[in-house]
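None of the figures in this text is laboratory data; all of them are computed from the coordinates on show. Quick caveat, the model's predicted, so the values are computed rather than measured. Cβ sites come from the backbone with ideal geometry, for glycine too, and all protein chains shown count toward neighbours.
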Amino acid sequence: MEGRTLLVRLNRYLSLCGLTSRRKAEELILQGKVKVNGLVVKELGWRVDPKKDVVEVEGKEVKQPTYRYIILYKPCCYLTALGKSKDGKRTIEELIKDIPERVYPAGRLDYNAEGLLLLTNDGELANRIMHPRHKLKKTYLVWVYGIVGKETLNRMKKGVRLEDGFTKPDSVRLLKHQENKSLIEVVFHEGRKHIVKRFLSHFGHRVIKLKRVAIGPIKLGDLKPGQWRDLNEHELKRLRKALDMEPVKEV
């Protein structure tokens with residue numbers, strides 16, 4: 001049995017195509033600049049079938065892009081950047097050459113850090129991931145020099161004032177000691193530059209290795225350095241919920 005046809009309001013469809021905002025789309029519709037199947041439409045409540053209807057704005061057809069949502073395991077010593085770097089350092093573009101869509105990293109990881117990066121061509125979702133207002137938690141496993149004691153751990157939990165303001169992790173816990181090193185799990189929802197390294201250095205523990213293992217509900221899992229995969233439907237649903245977005249994107 002065929003699925004139910006999902007109709008989308010014309011102004012929303014133009015917005016989803018990346019053409020303009022919904023309000024600006026309404027202006028284009030009222031100005032008679034939008035055609036559906038060759039006919040000018042001036043009704044703001046008009047709905048279209050994205051799979052069948054041909055929508056034109058000022059004579060040019062517009063289509064909703066195919067969205068991709070990618071998990072990449074960024075290895076150490078790669079720049080979170082697209083294209084070639086000025087100083088010859090490797091960039092993550094080398095790792096995603098076989099992805100036909102032009103996806104962009106939603107956030108960044110330091111050159112010497114490794115772990116989970118989310119890449120997408122869905123601008124709305126990417127902006128929400130990066131905006132601290134949505135408090136999407138990022139989880140890191142960090143090896144540091146020195147033995148992190150209980151007293152230090154309690155101080156970390158209370159937060160500290162750094163040069164660019166007060167900083168408090170969402171959670172921090174000691175996982176284990178090994179010789180003169182400690183493994184810590186630390187969670188931050190903010191994304192200030194070098195926030196994890198600066199926070200731990202304040203307590204006298206220099207970072208040896210930093211690995212991001214989760215962004216909100218999305219986990220790195222068993223990916224190996226340099227590997228990537230698409231988010232599955234369940235993961236995307238959970239991520240959108242964490243970002244206060246609609247459960248299903250209309251397409």
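Which three lengths, in whole Å and largest first, does the stretch 54-187 cover when its Cα atoms are put on their principal axes?
68, 34, 26
Which entries in the list K168/K237; K135/K168; K97/K209; K137/K168; K168/K193; K137/K158 go over 19 Å, if you measure between the two C-alpha atoms of each? It would help to have the intermediate numbers written out before the result.
Numbers: K168/K237 29 Å; K135/K168 13 Å; K97/K209 27 Å; K137/K168 12 Å; K168/K193 14 Å; K137/K158 17 Å.
Pairs exceeding 19 Å: K168/K237; K97/K209.
Cα centroids of the stretch 56-118 and the stretch 165-226: how far apart, whole angstrom?
Cα centres, the stretch 56-118 to the stretch 165-226: 23 Å.
So what is the 222 nm mean residue ellipticity for the chain from helices alone, if each DSSP H run of at least 4 adds -39500 (n - 2.57) and you divide by all residues, rounding to the nearest 500 deg cm²/dmol? Show your work: numbers first, answer last.
Numbers: 6 runs with 51 residues, N = 251.
Result for the chain: -5500 deg cm²/dmol, rounded to the nearest 500.
Rounded to the nearest 20 Debye, what is the dipole magnitude of the chain about its Cα centre when Lys and Arg each give +1 and Asp and Glu each give -1 at the C-beta? Please report the intermediate quantities before stating the final value.
Details: 53 positive and 32 negative charges, 192 e Å.
Using only the charged Cβ atoms, the result is roughly 920 debye.
Among N11, L39, V55, whose Cα lies farthest out toward the positive end of the dipole of the stretch 8-61, if unit charges sit on the beta carbon of Lys, Arg (+1) and Asp, Glu (-1)?
So the residue we want is N11.
What net charge is computed for the residues neighbouring L174, neighbours being all others with C-beta under 13 Å from the C-beta of L174, Lys and Arg scored +1, Asp and Glu -1? Working shown, then result.
Working: positive: K150, R155, K157, R173, K176, K181; negative: E151, E185.
Result for the neighbourhood of L174: +4.
Using only the C-alpha atoms of the stretch 8-61, find the volume of their convex hull and express it per residue in Å³. Could the numbers behind the result be given before it?
Values: hull volume 3.4 nm³, N = 54.
Each residue corresponds to 64 Å³ of Cα convex hull volume.
Choose one of L79, L118, L136: the residue whose Cα lies farthest towards the positive end of the charge dipole of the stretch 76-139 (beta-carbon charges +1 Lys, Arg; -1 Asp, Glu; about the Cα centre).
L136
What is the diffusion coefficient of the stretch 137-215 in µm²/s, taking the Kirkwood radius over Cα pairs and the Stokes-Einstein relation at 4 °C with a viscosity of 1.567 mPa s? Display every interim value, and only then the final one.
Numbers: Rh = 12.4 Å.
Translational diffusion coefficient: 105 µm²/s.
If you take every residue apart from S21 with its C-beta less than 12 Å away from the C-beta of S21, what net charge results, scoring Lys and Arg +1 and Asp and Glu -1?
Surrounding charge for S21 is +1.
For the stretch 137-215, with only Lys/Arg (+1) and Asp/Glu (-1) charged at the beta-carbon, what is the dipole magnitude about the Cα centre, in debye rounded to 20?
Details: 19 positive and 7 negative charges, 23 e Å.
Here the size comes out at about 100 debye.
Applying a 10 Å radius around every beta-carbon, put 95-103, 183-191 in order of their mean neighbour count, most first.
Working: 95-103: 13.6, 183-191: 17.1.
Put in order of decreasing packing, that is 183-191, 95-103.
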